[in-house]
Amino acid sequence: MALAGRWAMLAVLCASLLLVAMDATILNVALPSLIDDLRPSAVQQLWIIDIYGLVLGGLLVTTAAVGDRYGRRKLFLIGFVLFGVASVVAATAGNSAQVIAGRVLLGVGGAMVMPSTLSLIRNIFTDAHERALAIGIWAAVAGAGAAIGPVVGGLLVERYGWSAAFWVNVPVVVVTVVAGLWLLPEFKDPGQHALDLLSAVLSVTGIVALAWGIKHVAKGRPAAADLLVLAAGIGLLAWFARRQLRLKDPLLDVRLFRNRPFTAAALVTLMAMLAAGAALFLVSLWLQYVHGYSPFEAGLRTLPTALAMLAGSLLTPTLMHRIGVRACMAIGLAGLVAGFTLLALAPQPTSYAYIAVFLVTLGFSDGLAVTTAASVLVSAVPAERAGQAGAVSETSYELGVGLGVALLGSVHGAAYAARMAGAPAQAAESIGGAKEYAESLPAARAAEAAGLVERARDAFDSALATTSYVSIGIAAVVLVLVVWMVPGSFKTTGSAH
């Protein structure tokens, strides 16, 4: 396979990955416009944002196995076509339910695309050093997509309305599918084993139930049903793991997690994207509701994350060669701790200068950590089962983004509500609700309205600091685990097989 051909194939894969990654965050800045138009409840707002990542994460193990067995190119192309159809469903929505349905379909399509991109890279780039650079570009595109989503979304929303955040996908889907049909070769497991349907059901329901349970328990004072769903998710995933150990051809070889660097890499990806997903979501709201920026202006002010993530991802192959895998992942996590510490200790009201430094630190640290982790995961599996590495990497990635919004978003919401105790229910629910309530007051109560909005801004700022402390704790724990689990001499220059 010619060198130019390999990089042309990577360009096709990265174009698709860019859209899928952007859709995880593109609605962050479009949400206020969508709220004004469709009036979703607070719960619907969270689901509109995070259902995409949760569905995508839940399906990745199954879709990766389908790709291994029946063809990764085929799965990639079918998934991207579905992604385009789902974009139209969401763009034409006249109510919140249809937007959520469109986001669900986007998640299904994305779940077919994302593991295919990493597994095809594993097959296309057989040289370990060349593959490391390709993975660095892949991770840069994935991270930059999540980071520039608010910029693109802001520009489109400001000019054409929130539905443009979905319409933008359609022409890219058409061009990429045509190029993929022409350029991409087919790869699949020559063993041609049948798919274990029970394992597929267990993985999907287990991951979604786990994520749903964490989301609702994180809100505080969970109902018995919330705890039951969380327990069911844990139980289903335990059943799934036991079943994989007994199968000759498992959907996911859970024995891979006995490899401590492999497990550490999955944890690093989960934590890095949990931090990025939550931070970009909350900072986008902070820029619009606290400082009054337009969607596009808010998106531009999150751009430092994308640029720093691009730099971190592209520098990773060189840094891994010079200082090693463990050092790269540890530095990435330490950077997250430093960034969230800066945000937690920033004087209130927080200025954009602190936010900008935080975003640069977040982006570079995430790029470094995620690219290193992806290289570790890909090196752990043979080429014919590369879908399994893609599944673990992308499940960690997407669950991280989804759970970041769900878990840390809920922590922020609870902290905000606590600081708004005694305020009208609508104002205590969210800062957007506080502004809407204030605008509904008559002119004679203008001073009361202004005071309520100011109080909501202070509460949002304070809750952002509280959420940062939680993020510091999570990142610090994962940092300790990485130092313990990954040998200093560990390399990814060759496959483990």
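The values are calculated or read from the model by the stated rules, or taken from the named source; none is laboratory data. Just so we're clear, the structure is a prediction, and the values are computed from it rather than from any experiment. Here the Cβ positions follow ideal geometry from the backbone for every residue, glycine too, while neighbour counts run over all protein chains shown. Ligands, DNA and RNA are excluded from the accessible area calculation, which covers all protein heavy atoms including side chains. Shrake-Rupley method; radii C 1.70, N 1.55, O 1.52, S 1.80 Å.
Structure notes:
- Residues being more than 21 Å from Val152 (Cα to Cα), among the small types (Gly, Ala, Ser) and part of a helix (DSSP H, G or I) are represented in segment 30-45 by at least one member.
- The residues of segment 288-320 that are without any contact (Cβ under 8 Å) to a residue 40 or more places away in the chain and either open to solvent by less than 10 Å² (accessible area, probe 1.4 Å) or in a helix (DSSP H, G or I) (or both) amount to a single one, Thr318.
- Near pairs, Cβ below 7 angstrom, 6+ apart or cross-chain, from segment 43-68 (modelled with pLDDT of 80 or more) to any residue that is among the acidic types (Asp, Glu) and open to solvent by 10 Å² or more (accessible area, probe 1.4 Å): Asp68/Asp189
Every residue, every condition in (1) within 30 Å of Ala142 (Cβ to Cβ); (2) of a type in the set (Val, Ile, Thr); (3) out of contact with any strand residue (DSSP E or B) (no Cβ under 6 Å at 6 or more places or on another chain); (4) crowded, with 24+ Cβ neighbours inside 10 Å, yes or no:
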position: Ala353; (1), (2), (3), (4): yes, no, yes, no
position: Thr372; (1), (2), (3), (4): yes, yes, yes, yes
position: Pro382; (1), (2), (3), (4): yes, no, yes, no
position: Val392; (1), (2), (3), (4): yes, yes, yes, yes
position: Val401; (1), (2), (3), (4): yes, yes, yes, yes
position: Gly404; (1), (2), (3), (4): yes, no, yes, yes
position: Ala425; (1), (2), (3), (4): no, no, yes, no
position: Ala428; (1), (2), (3), (4): no, no, yes, no
position: Ala446; (1), (2), (3), (4): no, no, yes, no
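- When residues of segment 462-493 are limited to those that are among the polar types (S, T, N, Q) and not in a helix (DSSP H, G or I), the one least open to solvent (accessible area, probe 1.4 Å): Thr492
- Ala265 open to solvent by 40 Å² or more (accessible area, probe 1.4 Å) and over 19 Å from Thr62 (Cβ atoms): no
- Within segment 90-119, the only residue that satisfies the criterion of being of a type in the set (S, T, N, Q), outside any helix (DSSP H, G or I) and either open to solvent by less than 20 Å² (accessible area, probe 1.4 Å) or within 19 Å of Val43 (Cα to Cα) (or both) is Asn95.
- Selection status of Ala30, free of Cβ contacts under 8 Å to residues at least 40 places away in the same chain and buried (at least 24 other Cβ atoms within 10 Å of the Cβ): no
- Looking across segment 1-26, the residues that are open to solvent by less than 20 Å² (accessible area, probe 1.4 Å), at pLDDT 75 or above and under 26 Å from Ala279 (Cβ atoms) come down to Cys14, Ser16, Leu17, Leu19, Val20, Ala21, Met22, Asp23, Ile26.
- Condition check for Ala86: free of Cβ contacts under 8 Å to residues at least 24 places away in the same chain, open to solvent by less than 10 Å² (accessible area, probe 1.4 Å) and part of a helix (DSSP H, G or I): yes
Residue by residue, here is whether (1) open to solvent by 20 Å² or more (accessible area, probe 1.4 Å); (2) closer than 30 Å to Asp37 by Cα; (3) without any contact (Cβ under 8 Å) to a residue 24 or more places away in the chain; (4) under 23 Å from the mean Cα position of the chain (by Cα) holds:
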{"position": "Ile121", "(1), (2), (3), (4)": "no, no, no, yes"}
{"position": "Thr126", "(1), (2), (3), (4)": "yes, no, no, no"}
{"position": "Ile137", "(1), (2), (3), (4)": "yes, no, no, yes"}
{"position": "Ile148", "(1), (2), (3), (4)": "yes, yes, no, yes"}
{"position": "Ala164", "(1), (2), (3), (4)": "no, yes, no, yes"}
{"position": "Trp167", "(1), (2), (3), (4)": "yes, yes, no, yes"}
{"position": "Val172", "(1), (2), (3), (4)": "yes, yes, no, yes"}
{"position": "Trp182", "(1), (2), (3), (4)": "yes, no, yes, no"}
{"position": "Pro185", "(1), (2), (3), (4)": "yes, no, no, no"}
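- Checked against (1) at pLDDT below 90; (2) within 14 Å of Ala475 (Cα to Cα); (3) open to solvent by 60 Å² or more (accessible area, probe 1.4 Å), Ile331 meets all criteria but (1).
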